[in-house]
């Protein structure tokens with residue numbers, strides 16, 4: 001995953017979608033960096049990149065199913081940012097994470113859905129270790145960077161940005177990270 005372009009453009013789309021679906025957001029432009037109101041997308045992209053590198057280091061390979069550690073990581077980030085998060089254990093060592101930003105209820109909720117698990121990786125087939133979570137030559141390396149930990153972190157950052165901006169939502173925004181998508 002190319003760091004700057006991918007994270008900035010996708011993050012901008014996620015926040016604008018989530019907020020635009022529920023609040024008025026004035027977008028100056030969608031280039032790099034994009035600004036919506038007083039949102040600093042460069043800073044948000046740096047934060048998302050750091051979180052993604054940390055998240056990629058957590059081995060959530062299924063089988064056997066280690067998603068609990070990934071769910072705990074996501075829940076801790078949400079809680080550290082003032083968003084209540086709940087973990088639901090679906091099987092031993094397998095959990096999903098659920099968080100909700102309350103809106104006015106005028107419209108139906110939007111769910112930011114992602115999965116925590118990744119398929120097995122054969123280390124010998126990788127240019128860099130599959131759970132290194134490192135930026136090398138402006139690319140983020142790690143199993144799940146594209147499917148789907150990268151997208152989950154972008155959704156997480158969108159939640160954090162909406163919370164920090166104090167956007168008045170006319171619908172709830174739900175973050176849901178689930179286990180067992182790859183095999184189950």
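No lab work stands behind these numbers, since they all come straight from the coordinates. Remember, predicted model here, so these are calculated numbers, not experimental data. Here the Cβ positions follow ideal geometry from the backbone for every residue, glycine too, while neighbour counts run over all protein chains shown.
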Sorted by average packing, counted as other Cβ atoms within 10 angstrom per residue and highest first, what order do 49-55, 83-89, 137-143 take? 49-55, 137-143, 83-89
Which of 111, 183 has the fewest Cβ neighbours within 10 Å, and the rest in rising order: 183, 111
Between residue 168 and residue 81, what is the label-point separation in nm under the 7 Å Cα-to-beta-carbon projection? 2.3 nm
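Could you give the length gained on full extension between residue 40 and residue 132, defined as 0.36 nm per residue of separation minus the Cα-Cα distance, in nm? Don't skip to the end; give the middle numbers.
Numbers: separation 92, 0.36 × 92 = 33.12 nm, distance 2.79 nm.
My answer for the length gained is 30.3 nm.
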Cα gyration tensor of segment 32-144, axes a ≥ b ≥ c as square roots of the eigenvalues: rounded (a/c below 1.5), prolate (a/b > b/c) or oblate? oblate
With label points built 7 Å along Cα→Cβ from the Cα atoms of residue 183 and residue 90, find their separation and express it in nm. 1.3 nm
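Ranked highest first by average number of other Cβ atoms within 10 Å, how do 163-172, 96-105 line up? Let's see the in-between values first.
Numbers: 163-172: 15.5, 96-105: 18.7.
Those peptides, ordered most packed to least, come out 96-105, 163-172.
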Ranked 90, 178, criterion: other C-beta atoms within 10 Å, fewest first: 90, 178
